């Protein structure tokens with residue numbers, strides 16, 4: 001059975017957007033979950049900043065004002081995109097920085113417990129391990145439920161809760177399979193139980209629509225280079241208003257506050273989540289990030305997220321019908337653009353390399369996950385996915 005629908009009314013819009021993404025014209029770009037393709041306007045914005053720095057220097061009278069204005073615009077764009085307040089957004093270099101800010105800024109006592117899943121990225125698992133080693137916090141793993149329903153996931157966390165449980169730290173979208181966790185249901189339950197929620201949004205931000213205020217999550221850490229299609233080195237952390245004063249800045253710098261007495265070790269933290277910012281991002285990276293956010297905003301993020309989920313589902317359905325393919329991605333009510341699979345008798349690395357030689361840009365996940373992971377972007381054409389499935393069919397045969 002044909003798994004892929006016709007493009008219909010999406011066709012002209014997708015073709016128009018693809019013209020702004022040079023990388024997707026070079027090959028079948030199916031690795032948005034590692035790096036999203038840069039919009040042309042993002043590259044131009046970065047090049048303009050670098051050219052100005054080279055020609056005019058980096059310390060002109062407008063340098064700091066311009067950098068501050070870009071930081072303010074980035075926070076405003078992110079707040080609007082994720083239904084948050086501007087004062088709840090801190091700019092960070094990457095997702096893991098945001099996770100570290102949340103975890104190390106929380107006050108822990110020996111024996112406190114953090115619940116997490118068995119399929120987290122090292123960017124969360126390693127901070128959890130370091131926290132446990134240094135503070136005596138216990139990290140408890142929640143088993144993946146047999147059925148990927150919101151109720152099953154909520155039960156998986158609730159069934160492991162103990163009087164020592166203080167926080168939940170987990171991904172919105174699992175990097176191993178693309179499974180979407182019901183963050184709104186989990187967030188509301190955790191808030192009612194007095195538990196802290198720390199969410200890794202590396203594979204969700206920009207691909208999954210979310211209203212952070214409605215979700216009642218406490219911390220939501222995200223990167224700029226994946227689904228938001230910005231450059232490396234820029235990301236953000238959402239901190240719910242009621243958690244800002246409770247989270248103590250661990251690393252501080254010039255932007256974190258105001259010295260009350262230059263001769264004393266005391267400062268007044270900056271208002272809002274900006275207190276967690278240590279220093280300015282590279283102006284070129286920041287300019288590229290702002291340009292990418294603007295471009296996506298003009299491209300209708302709600303439509304883009306819906307298309308990503310549809311393409312992910314269609315690809316998973318098509319691959320599940322290929323003999324010799326073992327699916328790591330489960331069909332569920334909510335689907336992301338990530339789809340993972342294995343080919344019997346072949347290593348994931350070899351399959352990825354063979355697909356790469358045919359012009360398909362994918363990635364393989366290392367052990368213990370050992371699978372080929374595909375990332376469908378809203379710019380992906382269904383015809384590209386048809387050709388991809390046929391290539392996998394030939395490899396599996």
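Right, residue 50: surrounded by fewer than 16 Cβ atoms within 10 Å (Cβ to Cβ) and either touching a strand residue (DSSP E or B) at 6+ places or on another chain (Cβ under 7 Å) or farther than 18 Å from residue 196 by Cβ (or both) or not?
Against the criterion (surrounded by fewer than 16 Cβ atoms within 10 Å (Cβ to Cβ) and either touching a strand residue (DSSP E or B) at 6+ places or on another chain (Cβ under 7 Å) or farther than 18 Å from residue 196 by Cβ (or both)), residue 50 qualifies.
With 351, 325, 362, 392 as the choices, which residue is within 26 Å of residue 209 (Cα to Cα) and not assigned by TED's automatic domain parsing to the domain that holds residue 208?
Going through 351, 325, 362, 392 in turn, just one is within 26 Å of residue 209 (Cα to Cα) and not assigned by TED's automatic domain parsing to the domain that holds residue 208: 362.
For residue 287, are the conditions met, namely being out of contact with any strand residue (DSSP E or B) (no Cβ under 6 Å at 6 or more places or on another chain) and outside the structural domain of residue 179 (by TED's automatic domain parsing)?
So residue 287 does not fit the description; no.
Restricting the first residue to segment 157-177 and requiring it to be at positive phi and in the same structural domain as residue 128 (by TED's automatic domain parsing), which pairs with a second residue that is part of a loop (DSSP other than H, G, I, E, B) and surrounded by fewer than 24 Cβ atoms within 10 Å (Cβ to Cβ) meet a Cβ separation below 7 Å and a spacing of at least six or different chains?
none
Residue 47 is checked against (1) in a helix (DSSP H, G or I); (2) modelled with pLDDT under 95 and fails just one. What number does that condition carry?
The single condition residue 47 does not satisfy is (2).
Determine which single condition residue 103 fails, assuming it passes every other condition in (1) within 22 Å of the chain's Cα centre (by Cα); (2) surrounded by fewer than 22 Cβ atoms within 10 Å (Cβ to Cβ).
So the condition that residue 103 fails would be (2).
From the residues in segment 227-267 that are modelled with pLDDT under 85 and part of a strand (DSSP E or B), which one is nearest to residue 376 (Cα to Cα)?
Looking at residues that are modelled with pLDDT under 85 and part of a strand (DSSP E or B), I get 257.
Hey, any hits in segment 191-203 for a residue that's out of contact with any strand residue (DSSP E or B) (no Cβ under 7 Å at 6 or more places or on another chain), crowded, with 19+ Cβ neighbours inside 10 Å and either at positive phi or at pLDDT 95 or above (or both)?
No, that holds for no residue.
With segment 287-397 as the region, which strands (runs of 3 or more DSSP E) entirely inside it contain at least 1 residues that are surrounded by fewer than 15 Cβ atoms within 10 Å (Cβ to Cβ), over 25 Å from the mean Cα position of the chain (by Cα) and modelled with pLDDT of 95 or more?
Hits in segment 287-397: 325-327.
Criterion first (in the same structural domain as residue 288 (by TED's automatic domain parsing) and farther than 26 Å from residue 177 by Cα) does residue 40 satisfy it?
No: the conditions fail for residue 40.
Can you spot a residue in segment 276-283 that is surrounded by fewer than 18 Cβ atoms within 10 Å (Cβ to Cβ) and farther than 22 Å from residue 98 by Cβ?
No; the residues of segment 276-283 include none that is surrounded by fewer than 18 Cβ atoms within 10 Å (Cβ to Cβ) and farther than 22 Å from residue 98 by Cβ.
Select, from 237, 228, the only residue that is within 22 Å of residue 197 (Cα to Cα) and either in the same structural domain as residue 189 (by TED's automatic domain parsing) or surrounded by fewer than 18 Cβ atoms within 10 Å (Cβ to Cβ) (or both).
Just a single option satisfies the conditions, and that option is 237.
The values are calculated or read from the model by the stated rules, or taken from the named source; none is laboratory data. These numbers come from a predicted model, not from an experiment. Neighbour counts are summed over all protein chains in view; Cβ atoms, including those assigned to glycine, are modelled from backbone coordinates with ideal geometry.
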